[in-house]
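Asks: Sharing a structure here in structure tokens format.
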Amino acid sequence: MNYRAEAEELNTLLDGTVAGRFLSSLGRRLYFPKGIIAQSAEAKKSAYLANASIGMAYRNGSPLILSAMADSIPTLSPGEIVAYAPTAGVEETRHSWKQRMLAKNPTLDVDQISLPVVVPGLTAGISYTADLFLDEGNTIITSYPCWDNYEFIFQERRGATTKAIPFFGAGLGLDINAIAKALKEEAQGGSARIILNFPNNPSGYAPTHGEVDALVTLVAEIADGGADVLVLCDDAYFGLFYEDSVSRESLFARLSTLHERVLAIKIDGPTKEDYVWGLRIGFVTLGSRGLGARHYGALEKKYMGVIRSSVSCANTPAQYLMMKMIKDVRTIDERQQYYVLLKSRYEAAKRFINETPPNPRLQPLPFNSGYFMSFRCVGISASALRRELLDKHGIGAIAFGDEFLRIAFASLEAEVIPAVYQTIYQVASGL
């Protein structure tokens, strides 16, 4: 197939690398066009006399802004509120997030990974990554159950197939054997793709130190066997770990420099851990032992191409608000206070389950982190249970098909959790 010269230049840089081999047909077509945005970026740096390149209106060097808008966000300048952001994100925001990743993942080799690209929310980060690295006919392994949007993105948008693997067997943690079996089966075709969401939605489980070692060893074994491995690390709930046994670092820290045949992609952001759900800001960071600065530069332009061709750029004030939040002296203490609050709700849910006689119709999946926990429904429909709880008892929950019921303990006051769970048990018993 003939590609535009700009795309072919990026493809040539990536050919022979794990990232190049994983590029989808769309990914190979994408590039960052040298049009308005690229020319405006050049003008911003060099047009010292007059910059007539971008469709914005200025006065005295500052973008025009309505008073109502300025008064609503008084700590930001007009440029931080209404100006277009660069396609890959505000440079300071990207570097700030990279440094924060390093602080939270001390074993991460910050010089061996890309600079994060800013995207309009983690969902967009996953979707754009699927655009670049998933084609029709590809298969990607997900947990079962998993966040329902995975199937929508991977199957309906990209035409790929999701292979849903029960990550939790009869034990108290991950079913490493089931994950290994699925990855090795996919690797027989020369490549394997998997998305790892920890803490997991909907189960609320994150791997222990030993499970992290086992997963890393597994991926290394498959790569040593000659297969390429693409690992997406959906770290939406990263940092909300409530047990000492849980690994505090993202799998990305280990996978990003593991092997030349392993491409690790971290999709994260402040959404959950920093309680800014509506800001719609996320980051995509890539890492592979076989990639260097020129490869990451080419991949950045691929992401810029998919961003430019969809939303043009991420929200500008959200990026500056996030930086102000990180720099604010109150943030660390307040974040810790909220963590303690969520942990108390987790402990209330865990205490009820541990101290209440088991309900044969509700089997809790392992949970130790995040916002949620889930029950496997036995002999009853999760959808029917959800409907009964809502219609007759005023309790909202989420059914994943007919098998799993998800409870967001993070959204409940700790003192009401026992009564809510007691009602769930009673209703389940009566179905």
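Please treat every number below as a calculation from the coordinates, not as lab data. Fair warning: this is a prediction, and the values are worked out from it, not measured in the lab. Quick reminder, even Gly has a Cβ in these numbers, built from the backbone with ideal geometry, and neighbours come from all protein chains shown.
Asks: Calculate one ³J(HN,Hα) per residue across the range 225-239 by plugging θ = phi - 60° into the Karplus curve 6.51 cos²θ - 1.76 cosθ + 1.60, and present them in order as whole Hz with x for glycine and proline.
Replies: Rounded to whole hertz, the list is x, x, 9, 7, 10, 9, 10, 8, 9, 7, 9, 4, 10, 4, x.
Asks: Once Cα Rg over 2.2 N^0.38 Å is worked out from the coordinates, which option in [x] 0.99; [y] 0.93; [z] 1.04 does it equal?
Replies: Only one option fits the structure, namely [z].
Asks: Pick from Gln112, Gln319, Gln188: which residue has the top mean-square fluctuation in a GNM of the chain where Cα pairs under 10 Å get a spring?
Replies: Comparing Gln112, Gln319, Gln188 in a Gaussian network model of the chain, the most mobile one is Gln188.
Asks: Then there is this: Between Ala206, Ala419, Ala68, find the one with the highest GNM mean-square fluctuation for the chain; connect C-alpha pairs within less than 10 Å.
Replies: Looking only at Ala206, Ala419, Ala68, the largest GNM fluctuation is found for Ala68.
Asks: Name the shape class, rounded, prolate or oblate, that the alpha-carbon gyration tensor gives for the range 346-431, where a ≥ b ≥ c are the square roots of its eigenvalues, rounded holds for a/c under 1.5, and otherwise prolate holds if a/b is larger than b/c and oblate otherwise.
Replies: In terms of gyration-tensor shape, rounded.
Asks: Longer than 26 Å from Cα to Cα, which of Lys184/Lys266; Lys272/Lys324; Lys104/Lys272; Lys163/Lys343; Lys98/Lys324 are they? Say none if no pair is.
Replies: Pairs exceeding 26 Å: Lys163/Lys343.
Asks: On to the next question. Roughly how many Å is it from the Cα centre of the range 167-206 to that of the range 296-346, as a whole number?
Replies: The two parts, judged by their Cα centres, are 27 Å apart.
Asks: Which of the listed residues, Val416, Ile353, Leu13, is farthest toward the dipole's positive end in the chain, when Lys, Arg count +1 and Asp, Glu count -1 at the beta-carbon?
Replies: So the residue furthest toward the plus end is Leu13.
Asks: When the dipole is taken about the Cα centre of the chain, and only Lys, Arg (+1) and Asp, Glu (-1) are charged at their Cβ, what size is it in debye, to the nearest 20?
Replies: Rounded to the nearest 20 debye, it is 680 debye.
Asks: Now for a different question. By how many nm would the segment from Trp277 to Arg29 grow when fully extended, if each residue of separation counts as 0.36 nm and the alpha-carbon distance is taken off?
Replies: 86.0 nm
Asks: At 222 nm, what value in deg cm²/dmol follows for the chain if DSSP H runs of at least 4 each add -39500 (n - 2.57) and the sum is divided by all its residues, to the nearest 500?
Replies: One gets -12500 deg cm²/dmol as the mean residue ellipticity at 222 nm.
Asks: Could you list which residues have their amide H under 5 Å from that of Leu240, counting only those 5 or more apart in sequence or on another chain, with H placed in the peptide plane?
Replies: Correct list: Gly370.
Asks: Also, quick follow-up: Quick one: compute the contact order of the range 82-174, relative version, from alpha carbon pairs under 8 angstrom and 6+ residues apart, as a percent.
Replies: 22 percent
Asks: Hey, another quick one. Rank these for me by crowding, Ile265, Ile140, Ile353, going from fewest to most other beta carbons within 10 Å.
Replies: Ascending number of Cβ neighbours within 10 Å: Ile353, Ile140, Ile265.
Asks: With both partners inside the chain, how many of the DSSP beta bridges are antiparallel, as a percent to the nearest 5?
Replies: Here the antiparallel bridges make up roughly 55 percent for the chain.
Asks: Taking amide H atoms as placed 1.01 Å from N in the peptide plane, list the residues 5 or more away in sequence, or in a different chain, whose amide H sits under 5 Å from that of Val119.
Replies: Answer set, sorted by chain and number: Gly282, Phe283, Val284.
Asks: GNM, the chain, Cα, under 10 Å: largest mean-square fluctuation among Pro207, Pro270, Pro418?
Replies: Judging by the Gaussian network model, the answer is Pro418.
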